[in-house]
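*Asks:* What follows is a single structure, and I will ask about it in a moment.
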Amino acid sequence: MPSVSFHTLGCKLNFTETSTIGRTFQTRGYDIVPFGSCSDVVVINTCTVTEEANRKCRQTVRRAIRKNPNAYVIVTGCYAQLKPLELSAIDGVDLVLGSNDKFELFTLASTFEKSESTQVHVSCIDGTLEFKSSHSGDSRTRTFLKVQDGCDYSCSFCTIPKARGRSRSTTVSDILEQVHLLSASGTREVVLSGVNIGLFGQDKGESLLELVVALENFTEIPRFRISSIEPNLVTDELIEFIASAVRFVPHFHMPLQSGDDAILGLMRRRYRRDRYADRVARIKRLMPEACIGTDVIVGFPGETDEHFRNTVAFLEDLPVSYLHAFTYSERPGTLAAEELSTAGGIVPKEIRSHRNRVLRGLSEKKRAGFYREQIGTTRTVVWESTRDDTISGFTDNYVRVERSSHTAVPGQVESVVLESLTDRGTVEVRDALQLPVIAII
């Protein structure tokens, strides 16, 4: 039986697409083996969100070729879309496919026979309106379902619209069909994923709210989660519906990027800090237990010490539960790299690194504080993985919990009481029906 191995870099959307390609290989008789082991074909799905991501992609490709020199090596994804010649120049790469071309893999290379020259198939994505459905692997716990692709925004630091094209979606009815199949396979949680998911349905005359309402009312999956959504697209109606929903969990991830209005303007973000704070307050007013995560970029061109202090102070005052800190990376062809950086606003890399460390420390503090607030509460958990005698999973409001695995299995949905923080950054829980242990002195 021929074999294939996969490696995915970057976002959850990439993982959904790799999984879908993997299932196509399986239907054609291929055995999927671990990446790094001997295989006939190697597929690497790349990311280009930062220069560091590009470097990791090149490193991964070269490592795969060294370990498996006789394999037919395919490189695809966002980096392949934007910089195909950089990848085709790596000795041992056989095929480079653009973002949309990856789904035509078997049409473009049916034999997988190595040759002296590298094939490159990267079609123009600017005007594409075709949506390619995908979802992550055959998990009985959490499945990431792609419902939207591309982005119509023009943030000054971002190359993703160039790598994935304009915003486009599938339909509500198509997603319902996919979810029914996932439910039949045993999936317990679906994470709705996209590049800019708040734009869902605008090309089809539908909306994200319509999708959420349909999934709440016409499916059997116990839990739905929205992966990440722009704060300006988090409407009052969406917040209110999720607050009253049974299947949609109280967890929002809304990228902030900066807590200073001047920097938000330079970034071409479509909101300011007052709007962001208002969305957080609205969520917390209706769902005090909600987990709210965010993304922040440090070291953006023109970000002074005062701008950064404003961001830190803003985050300290906000009831967010965690944050992902990203160090700004110059992306060729973006406004930030071509104009803002050349205008004398470059932040030295050592200062960028320091600011990143500050925000990572703040994130740990925020997460620990949110976890402490949940002690003594009763939440539902979908158990996901076991290690030694411990099983772990996430509550509906995104607290990572663990307990003895003797009475629980992955995929099981259970009501638990959160009891105490552990030194592993998790919360120890007990069955909600189990009486607490009381020490007798």
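*Asks:* Residue check, THR27 against (1) in contact (Cβ under 8 Å) with a residue 40 or more places away in the chain; (2) farther than 30 Å from ILE229 by Cβ; (3) hydroxyl-bearing (Ser, Thr, Tyr), all met but one. Which one?
*Replies:* So THR27 meets the others, but not (1).
*Asks:* Count, please, the residues in region 325-352 that happen to be part of a helix (DSSP H, G or I), surrounded by fewer than 13 Cβ atoms within 10 Å (Cβ to Cβ) and at pLDDT 90 or above.
*Replies:* 2
*Asks:* If VAL312 satisfies all but one of (1) within 25 Å of LEU340 (Cα to Cα); (2) in a strand (DSSP E or B), what's the number of the condition it fails?
*Replies:* So the condition that VAL312 fails would be (2).
*Asks:* Condition test on LEU199, is it under 30 Å from SER392 (Cα atoms), surrounded by 15 or more Cβ atoms within 10 Å (Cβ to Cβ) and not aromatic (Phe, Trp, Tyr)?
*Replies:* Against the criterion (under 30 Å from SER392 (Cα atoms), surrounded by 15 or more Cβ atoms within 10 Å (Cβ to Cβ) and not aromatic (Phe, Trp, Tyr)), LEU199 does not qualify.
*Asks:* Right, here's the next one. Go through (1) surrounded by fewer than 20 Cβ atoms within 10 Å (Cβ to Cβ); (2) β-branched (Val, Ile, Thr); (3) more than 30 Å from GLN412 (Cα to Cα) and name the single condition THR386 misses.
*Replies:* (3)
*Asks:* Taking only region 195-227 into account, find how many residues are hydroxyl-bearing (Ser, Thr, Tyr) and at pLDDT 95 or above.
*Replies:* Matching residues across region 195-227 total 2.
*Asks:* From (1) under 18 Å from CYS155 (Cβ atoms); (2) modelled with pLDDT of 95 or more; (3) touching a Pro at 6+ places or on another chain (Cβ under 6 Å), pick out the condition that doesn't hold for ALA290.
*Replies:* (1)
*Asks:* Still on this structure, please answer the following. Can you tell me which condition THR395 does not meet? The list is (1) surrounded by 14 or more Cβ atoms within 10 Å (Cβ to Cβ); (2) under 23 Å from the mean Cα position of the chain (by Cα); (3) under 30 Å from PHE157 (Cα atoms), and all the others hold.
*Replies:* THR395 satisfies every listed condition except (3).
*Asks:* Does region 205-223 contain at least one residue that is polar (S, T, N, Q), surrounded by fewer than 17 Cβ atoms within 10 Å (Cβ to Cβ) and touching an Asp or Glu at 6+ places or on another chain (Cβ under 6 Å)?
*Replies:* Pass one, region 205-223, residues polar (S, T, N, Q): 207, 217, 219.
This time we only want the ones that are surrounded by fewer than 17 Cβ atoms within 10 Å (Cβ to Cβ), so: 217.
Add one more test, that the residue is touching an Asp or Glu at 6+ places or on another chain (Cβ under 6 Å), and what stays is none.
No, region 205-223 contains no residue that is polar (S, T, N, Q), surrounded by fewer than 17 Cβ atoms within 10 Å (Cβ to Cβ) and touching an Asp or Glu at 6+ places or on another chain (Cβ under 6 Å).
Conditions (1) closer than 30 Å to ARG352 by Cα; (2) of a type outside the set (Val, Ile, Thr); (3) in contact with a helix residue (DSSP H, G or I) (Cβ under 8 Å, 6 or more places away or on another chain), marked per residue:
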{"position": "LEU208", "(1), (2), (3)": "no, yes, yes"}
{"position": "LEU215", "(1), (2), (3)": "no, yes, yes"}
{"position": "ARG225", "(1), (2), (3)": "no, yes, no"}
{"position": "GLU240", "(1), (2), (3)": "no, yes, yes"}
{"position": "ALA243", "(1), (2), (3)": "no, yes, yes"}
{"position": "HIS251", "(1), (2), (3)": "yes, yes, no"}
{"position": "MET254", "(1), (2), (3)": "yes, yes, yes"}
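*Asks:* Quick one: which helices (runs of 4 or more DSSP H) sit completely within region 179-276 and have at least 2 residues that are without any contact (Cβ under 8 Å) to a residue 12 or more places away in the chain and not hydroxyl-bearing (Ser, Thr, Tyr)?
*Replies:* Fully inside region 179-276 and qualifying: 261-266.
The values are calculated or read from the model by the stated rules, or taken from the named source; none is laboratory data. Everything numeric in this text was worked out from a predicted model, so none of it was measured. All Cβ positions, even for glycine, are placed from backbone atoms using ideal geometry, and neighbour counts span all protein chains on display.
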